[in-house]
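Below is one structure, written out as structure tokens, with a few remarks after it.
The values are calculated or read from the model by the stated rules, or taken from the named source; none is laboratory data. Keep in mind that this is a model prediction, so the values were computed, not measured. Every residue, glycine among them, receives a Cβ derived from its backbone with ideal geometry; neighbour counts consider all protein chains shown. Quick note on the areas: whole protein, heavy atoms, side chains included, nothing else; ligands and nucleic acids left out. Shrake-Rupley method; radii C 1.70, N 1.55, O 1.52, S 1.80 Å.
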Amino acid sequence: MSAPLQLRRKGQAPVGAFLPTTREELKARGWDALDILLINGDAYVDHPAFGAALIGRFLEARGFRVGIISQPRWESPEDLLEMGTPRLFVGITAGNLDSMLNKLTAQKKVRSEDQYSPGGRVGLRPNRATIVYSNLARQAFGKLPIVIGGIEASLRRIAHYDYWSDSVRRSVLLDAKADMLIFGMGERPVWELAERLRKGEVFASIRDIRGTAFRLGKGEVISSGQDWSNVPWEQVEASRYVSDRRPVLLPSYDKVKDDLRLFSRMSGAFQRETNPGNARPLIQRHGMEAVYFNPPAEPLSESLMDELYDLPFQRAAHPGYSEPIPAFETVKHSIVTMRGCFGGCSFCSITEHEGRVIQSRSAESVLREVRQLRRMGDFRGVISDVGGPTANMYQMRCREEKIEKACRRLSCVHPGVCENLVTDHAPLIDLLSKVREEKGVRKVFIASGVRYDLAERSPEFVEQLARHHTGGQLSVAPEHVDDAVLDKMKKPGAESYERFESLFQCASEKSGKEQHLIPYYISGHPGSTLKSMIDLAVYLKRKGLRPRQVQDFIPTPMSMATSMYFTGLDPVSQEPVYTAKHLREKRKQKALLQYWDPTQHDLAREALAEAKRADLIGSGPDCLVPPKHGKGSLSIHRRGSAAPLRKGRTGARGAGSRRPQRPR
């Protein structure tokens, strides 16, 4: 359960500088009631990297009285009543992560830490937090409108496969019994909703806001559109070129939960309706009800992005917490320059939530935030990150707005970089130069993901990256080397990574620095077999790489890779895709990439034997793992050693180093 708020510690911002969280803080502002109450699954950190704070400050700047209840107890609605009943509506978010992903690993084991809770403690939010909080709010506030949002609601808005229950679940809007779902980042939709309610519109009549979804009752289910359950796929494929905005009827929940091919088609059809410039409304039936989805909200302009990040964030956790919030400690001295991603990686949820259109801040706005950082008492001149989901997509757009709005391509960089994409790195190079020149700034790092197939187009950017913005190690995510697997991931081929690697090493040497790339790889991704993982392990050993960070693929709700995992079909081509579905096979794939770790040798040997690659078991220079017994086995070496191998000693590269943050 959440800890009671305590008195602020010396040196912290006063409680009144934060959005109110208690009746006393509400009264201290001279308010008798709230307009909007936000219920938040994370600890309350007043920083733009935390969704509830971002929305709360955005609404506050528009004259709304907003309060936040973070991590309430869920046995009763008592905590939700702390500041009384709000006038307009209750907004609910599970937090910055899906609550199930936040709790469980790819092996479905409970995580030992919650990065978004005080002290990293677990157990401060319920499973499926959006549903639990919404039901609590209904108990507390009766018929007051309940609006759900955040990444959990956004990525569970249609019928979706849920990895943790191994089942297809309904739209979270229906399970939460909420009145509206806001998907995407949410600023525009929540602003329009709040404004229209303030002007006296009846909530039930507000059904045309972009970026929102609502329930259609038994008597309202619209029959227009085409149910694709009995339509040849070729005709459905042709519908991607239709430009009108009549609603598209997605295959129903009742059909996709039992029909893998239809689920796959639904996933592909949904992806084609994500461009705000041409997306049509969607309808999906769930029994006698349905959910109606308006097209996505328009992306924020540069001026709105600037306004958003100019809001008076305290850049601190609420002073009532006596323990640090680990996620905040990671980002407290970082700066977001942009949002969105046009990469369309099939395993990633950034595109589905933040959108495909890059939304960037102006250089002046970023510099204002740098000056705010300087005023923080614990700032020592080091900016830990200047970036976003993908740091070097800053200010990149389609060469023509008309083309961008008409395009239904799922990725601007796969299978190759689109000829209409402007990949100029000059605005980013100029911005970074200005940040470095700011008074009081000693070092500026880029810790966000770098899209290397874009970076290799700008040797000047790579040179600046190596010279000024890398602290010895740079994290990048090639993910794999097998072309078939990379195609399912929508990632560039291994040759692109190797070209970038060569550019980076040359730039580092030119700068007089010894620096290394830290590559990240994914095991168990759809399309990946034991054979392809063995090929990757052999590649890594030949290059002398011992990756400490291997991500075991987790099928997160609504992604294209999750659709492949569940159905065994590519949602675009409908071609069969092999997927490792048993937990032991997933462990074996991961063990192959950690061939150097003695604790993984048994699983790696099992995988090699199963793949009929016993030639890679032995003590030779080309072998991946030693034999279990006999000559060359690790047990012999241990008997001859004066001291046992210590956990964490993995060779020269990365030995004993702190675990780096996984790039987005």
task: Out of all DSSP beta bridges with both ends in the chain, state the antiparallel percent to the nearest 5.
output: 40
Probe 1.4 Å, protein heavy atoms only - accessible area per residue of the chain in square angstrom: 41
- request: Run through every distinct alpha carbon pair of the chain and return the Kirkwood hydrodynamic radius in angstroms, one decimal place.
  value: 26.3
- line: At 4 °C in a medium of viscosity 1.567 mPa s, region 363-482 has a Stokes-Einstein diffusion coefficient, with Rh taken as the Kirkwood radius over alpha carbon pairs, in µm² per second, of 82
message: If N is the number of residues in region 496-537, what value comes out of its Cα radius of gyration divided by 2.2 N^0.38 Å?
response: 1.60
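About its Cα centre, what dipole magnitude does the chain give when the only charges are +1 on Lys and Arg Cβ and -1 on Asp and Glu Cβ, stated in debye to the nearest 20?
Once rounded to the nearest 20, the dipole reads 1780 debye.
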task: Within region 425-461, list the trypsin sites (Lys or Arg not before Pro) lying in a DSSP loop whose Cβ has at most 11 other Cβ atoms in a 10 Å radius.
output: Lys439, Arg442
statement: The lysines whose Cα lies under 23 Å from the Cα of Lys510, excluding any fewer than 8 residues away in the same chain, are Lys434, Lys443, Lys543
task: With the cut-off at 29 Å, report for region 77-230 the share of all Cα pairs above it, as a whole percent.
output: 23
- prompt: In region 547-603, which trypsin sites (Lys or Arg not before Pro) are in a loop and have at most 16 other Cβ atoms within 10 Å, using DSSP for the loop call?
  reply: Lys581
message: Rounded to two decimal places and with Rh computed the Kirkwood way over Cα pairs, what is Rg over Rh for region 15-102?
response: 0.94
field: Equivalent ellipsoid semi-axes, region 233-386, via Cα gyration tensor eigenvalues times 5, rooted, Å
entry: 41, 19, 14
Too-long pairs where the Cα-Cα distance tops 27 Å, listed order kept, from Lys108/Lys218; Lys103/Lys143; Lys109/Lys257; Lys103/Lys586; Lys402/Lys490: Lys108/Lys218; Lys103/Lys143
- request: Take Leu80, Leu410 and sort them by solvent-accessible surface of the protein heavy atoms, 1.4 Å probe, largest at the top.
  value: Leu410, Leu80
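Would you tally the net charge around Ser346, using a Cβ to Cβ cut-off of less than 10 Å, leaving Ser346 out, and scoring K and R as +1, D and E as -1?
With Lys, Arg at +1 and Asp, Glu at -1, the neighbours total +1.
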task: At 0.36 nm per residue, minus the direct Cα-Cα distance, what do Val202 and Lys402 gain on full extension? Give it in nm, one decimal, please.
output: 68.4 nm
Whole-angstrom gap from region 173-208 to region 342-407, using each part's C-alpha centre: 27
- line: In debye to the nearest 20, the charge dipole size for region 546-608, taken about the Cα centre with +1 at each Lys and Arg Cβ and -1 at each Asp and Glu Cβ, equals 260
task: Would you mind giving the average projected area, over all directions, of the Cα convex hull of region 363-405 in nm² with one decimal?
output: 4.3
- prompt: Magnitude of the Cβ-charge dipole of region 478-581, K/R +1 and D/E -1, about the Cα centre, nearest 20 debye?
  reply: 340
Counted charge near Asp310, where neighbours are those whose Cβ lies closer than 11 Å (Asp, Glu -1; Lys, Arg +1): -1
- prompt: To the nearest 0.05, how large is the calculated FRET efficiency for Ala17 and Lys612 if R₀ is 45 Å and r is the Cβ-Cβ distance?
  reply: 0.10
message: Which three extents, in angstrom, do the Cα atoms of region 102-174 have along their principal axes, listed largest first?
response: 38, 31, 17
message: Give me the net charge for the shell around Gly219: Cβ to Cβ below 14 angstrom, other residues only, Lys and Arg +1, Asp and Glu -1.
response: +1
Three-way shape label, region 474-618, alpha-carbon gyration tensor, a/c 1.5: oblate
task: Give the dimensionless ratio obtained when the Cα radius of gyration of region 397-438 is divided by 2.2 N^0.38 Å.
output: 1.54
message: Using a Förster radius of 60 Å, what is the FRET efficiency between Ala61 and Lys628 based on their Cβ-Cβ separation? Nearest 0.05, please.
response: 0.40
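What is the extension gain from Met288 to Ser502, computed as 0.36 nm multiplied by their sequence separation minus the C-alpha to C-alpha distance, in nm to one decimal?
71.2 nm
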query: Measuring from the lowest to the highest alpha carbon on each principal axis, how far does region 312-398 reach, largest first, in angstroms?
result: 42, 29, 22
statement: Taking GluC sites (Glu not before Pro) in a DSSP loop with at most 16 other Cβ atoms within 10 angstrom as exposed, one finds the longest site-free stretch of the chain at 221-399
task: Return the carbon/sulfur percentage of the accessible area of the chain, one whole number, probe 1.4 Å, all protein chains in place.
output: 51
